[in-house]
Every structure is written in structure tokens, then in C-alpha cells.
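Report on one structure; see the data block that follows.
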Amino acid sequence: MRNRVGTFILAGVAAITLPFNLRAQNAPQSGSSKPAAASTASAPAPVHDLSGVWNMHSTPAQRKYTGNTYTAQPPEMTAWGTEKYAATKPSNGPRTHSLKDTDDPVLKLCLPPGTPRIYLQPFPFQIVQTPKEILMIYEYDHTVRQIFIDGRTHPDDVLPTYMGHSIGKWDGDTLVVDTVGFNEKTWLDRDGHPHSDQLHVTERFHRADFDNMTIDITMEDSKALAKPWKTQLNFQLRPGWDIMELVCTDNAAFENFEK
């Protein structure tokens, strides 16, 4: 059980300074005189099981960066990507525009963030596993992502979508997820870096122990990126949490935020 602190707008504004911040529930209560409990070693990770509710956990290196992307170093882009990037008007990061003027597809139109940008939305997600597929249920806008693990390949006529078409397989204790089939309506991050329909995302989910999981992400796009863009995100298991309902259109007050 947990309480939501703030709204979608406040979460978005907070992400301007720390996209990898822990949720408010993780912070010590104000006025508490009790010292923080010493951390204890986590139990071993279960075999081929990522199920549970997970929340972003920032590393010391990530806390040093106050932008709204994955790494301190921006991606190396092609001429096409650079031109597209210069034309975007993000409401976060070093090129901040007002919420009234931004053309961020998430904030302006409530469109799905896409893969992998959805990880930068400061809300948890739940992983549910079946023999056929792994479902990622993101709290943000109740987005559901299917990762097929039944041995299928990507279809030749894959339909371009926001989240792409994902297939996965186990490589030892790491789930390797391959995603293609994107439309061009999303950004790679909050700072406005674009991608084309050639985007190819590879994620490696590794549960280091029972309570901690890393996702190594590689973004490749021959049209937008001059070379692959790589990052690692870190997550903590929250066994006492349930996914809550958050609907972007119900929080559309940001449209009048500065009016």
C-alpha cells in the first residue's frame, strides 16, 4: 500500500532536476529521529523470474547529472538527427521551453512515451510472466508492453507502433529483449532527441539479486544516431507496492499551467 505524492504535472516538473529520482515513498519521513536502518544483503535472485513491481533507483553517477536523458554524454547524431533535434522544444533539460510552448509529444498530446523513454517517467512498472510472454505494466498511463518469449521472430510486415514489437530470450540469467517496429512520433528522452522508424532497441534485464535489477539499453538508428547510444538503468523491487491508475488525459491541467 502506498500513497501517491503529487500529480503527473508535479512529477514532470520534478524530473527537470532529477529524472532518476526515487519516488517520494523512499525518502525518510520529515522530523523522524530514528537513524536509517543499516542495509542488509539481498537474497539470491530467483531463476528466470523478473516478476514484481519495480521502481527506478538512481546511482551516484546518475545523481550528478541533472538533465533529462540517460547519460551525461548526449548521443552522437547524424545530420538528419541533429536537424530534427534542433527543431524540438522540450520542457526539460538545457533547452527548456514553457509547458505552453513545448512540443513534447508526451506533455503536449499525451502520446505514449515509447521505448525506452517510458523508463524516464517517474513511476513504477510491474512485470508479469507467462510461458508465452512477459508483460510490462507501466503505471504511467496504464501502458502495457508485450515481450514474446515463445521463440517467435519479428514479423516481416511489423506494424509501426509507439512501443515497438518486442521479442525476448534468456541468455543465462539475463533476459535479452529485441525491439523494432517503431513509428517516429516519440522522442528517445525528455531532452528531445529524435529517432526514425529504423530505431532498434536492445535491452538486457539482469536481476543481480532478489531486490535489484539492472537494464542495459542499446539504441541503434542508422538514420538518427551516428553510433549506438548505450546506458544502464537500475531498479529496486517494491514488494509492498501495487500499480495505481494514472491517466494522462485526466491530468491535462498542464495545458493551462501557465495561462
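For the stretch 170-219, a tally of residues being surrounded by fewer than 22 Cβ atoms within 10 Å (Cβ to Cβ), in contact with a Ser or Thr (Cβ under 7 Å, 6 or more places away or on another chain), at negative phi and not in a strand (DSSP E or B) returns 7. In the stretch 113-142, the residue that is nearest to the chain's Cα centre (by Cα) out of those that are over 14 Å from GLY164 (Cβ atoms) and among the charged types (D, E, K, R) is GLU139.
Here GLN129, GLN198 are screened, and the one residue that is in contact (Cβ under 8 Å) with a residue 12 or more places away in the chain, farther than 29 Å from THR82 by Cα, out of contact with any strand residue (DSSP E or B) (no Cβ under 7 Å at 6 or more places or on another chain) and not acidic (Asp, Glu) is GLN129. When residues in the stretch 220-237 are screened for being surrounded by 22 or more Cβ atoms within 10 Å (Cβ to Cβ) and more than 30 Å from ALA41 (Cα to Cα), 4 of them pass.
Pairs meeting the criteria (first residue in the stretch 49-74 and within 23 Å of TRP187 (Cβ to Cβ) and outside any loop (DSSP other than H, G, I, E, B), second residue modelled with pLDDT of 85 or more and of a type in the set (Ser, Thr, Tyr), beta carbons under 8 Å, at least 6 apart or on different chains) are MET56/TYR119.
Cβ-Cβ distances below 6 Å connect the following pairs, each with a first residue in the stretch 144-169 that is surrounded by 15 or more Cβ atoms within 10 Å (Cβ to Cβ), a second residue that is of a type in the set (Gly, Ala, Ser) and not in a strand (DSSP E or B), and a separation of six or more residues or different chains: TYR162/GLY114; GLY164/GLY181; HIS165/GLY181.
I'm trying to understand the selection: among the residues of the stretch 116-139, which are over 18 Å from ASN92 (Cα atoms), touching a Phe, Trp or Tyr at 6+ places or on another chain (Cβ under 9 Å) and not polar (S, T, N, Q)? Break it down into steps so the answer makes sense when it comes.
Filtering the stretch 116-139 for residues over 18 Å from ASN92 (Cα atoms) gives 124-139.
If we keep only those that are touching a Phe, Trp or Tyr at 6+ places or on another chain (Cβ under 9 Å) too, we end up with 124-127, 132-134, 136-139.
Answer for the stretch 116-139, where residues must be over 18 Å from ASN92 (Cα atoms), touching a Phe, Trp or Tyr at 6+ places or on another chain (Cβ under 9 Å) and not polar (S, T, N, Q): PRO124, PHE125, ILE127, LYS132, GLU133, ILE134, MET136, ILE137, TYR138, GLU139.
The values are calculated or read from the model by the stated rules, or taken from the named source; none is laboratory data. Since this is a predicted model, take the numbers as computed values, not measurements. Using ideal geometry, Cβ is built from the backbone for each residue, glycine included, and neighbour counts are taken over all protein chains shown.
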